Amino acid sequence: MQFVRYTTGGAPEWGVRRDDDIVPLAGLREDVSYQQLTDSGFLRVVEDAVEAAADSSVPAEEARLLAPVPRPGKIVCVGMNYHDHAEEQDEEVPDQPLLFGKSPSSVTNPGDPIVHPAELDEVDYEVELGVVIGRTAKDVDAAEARDYVAGYTAINDVSGRDAQFDDGQWFRGKSFDTFAPMGPTLVPDEYVDPHGLDVACRVNGETKQDSNTEEFIFDVDDLVEYISGFTTLRPGDVISTGTPGGVGVFRDPPELLEPGDEVDVEIEGIGTLTNSVVAEE
């Protein structure tokens, strides 16, 4: 079941994507929240509501999709978390997760442009599985980690490589406005196994990254345990789980994003997140 935030010109709404249609959830007795998405009983209610409201569906082409988490409390990103990404950098597999932050204000919607800052020469793409937290999590054991997950979405961890490498730390290079496209759907944990999903990135239709989350060095359970061990995770926080091999900066020669490019990041079961690149005005 794929949840979407969308608008048809009015206030943002939650709905469920079914093929080429969106079934609105405005008639539910309770508002959709990230915590609700961890509740099997609530998900059964939604399933029944979607069946009952199928006649009121909206064609997806008439809706504007929105980021499923428009204002995360925090975005915790994981560096070098795929075996094939470590190999392309000729780096040893880390002993513990390598973490960095990305500004919550970098989130942008499906279909909205990625703005290429005038001050940067090296803007890169990174397909990543996003983990949306649904319940407050502190010192969570890995065996129980999935109970705290609302669901999964796709993230393009757009990266300003020159800022990232020049600064010696990654926050600025990762945090320019529009550098975190997110969507197009949010799939509750109950409906997807995050550890066997095909992930891909295409630029102008050409495949640049093609892998599977089986390549994770630290899986979702490990990450929730590790991160919640030192900082409290709250509903609406997002963990961006790292990218596979094939990023532009490590290609020979480098293949980086330019205004006019179109980027697709696709995750099995979640969908394709598409954004064009435009020059900063």
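Bear in mind these aren't lab numbers, they're just calculated from the coordinates by the rules spelled out. Computed from a prediction, not measured in an experiment: that's the story for all the values here. Heads up, the Cβs are rebuilt from the backbone with ideal geometry, glycines too, and the neighbour counts pull from every protein chain shown.
Observations on the structure shown:
- As a calculated quantity, the FRET efficiency between SER40 and ARG71 at R0 = 25 Å, using C-beta atoms, amounts to about 0.40.
- At most 11 other Cβ within 10 Å, DSSP loop - trypsin sites (Lys or Arg not before Pro), the range 1-38: ARG29
- If you plug the beta carbon distance of THR8 and GLU119 into 1/(1 + (r/R0)^6) with R0 = 41 Å, you get a FRET efficiency near 0.65.
- Percentage relative contact order, the chain, counting C-alpha pairs under 8 Å, at least six apart: 25
- Separation in nanometres of the label points that stand 7 Å from Cα toward Cβ, at GLU206 and GLN96: 4.1
- Put simply, the convex hull of the Cα atoms in the chain casts, on average, a shadow of 14.4 nm².
- Extension gain for the segment GLU47 to ASP147, taken as residue separation times 0.36 nm less the Cα-Cα distance, is 34.0 nm to one decimal.
- When each of LEU233, LEU28, LEU257 is scored by the number of other beta-carbon atoms lying within 10 Å, the sequence from fewest to most is LEU28, LEU257, LEU233.
- Full-stretch length increase - ARG18, HIS83 - with 0.36 nm per residue and alpha-carbon distance subtracted: 20.0 nm
- Distance between modelled label sites at ALA54 and PHE171, nm, 7 Å Cα→Cβ extension: 5.1
- Cβ-derived FRET efficiency at R0 51 Å, GLU62 paired with THR232, nearest 0.05: 0.80
- Crossing angle, helix 40-52 versus the chain [Cα axis fit, 0-90 degrees, rounded to tens]: 70
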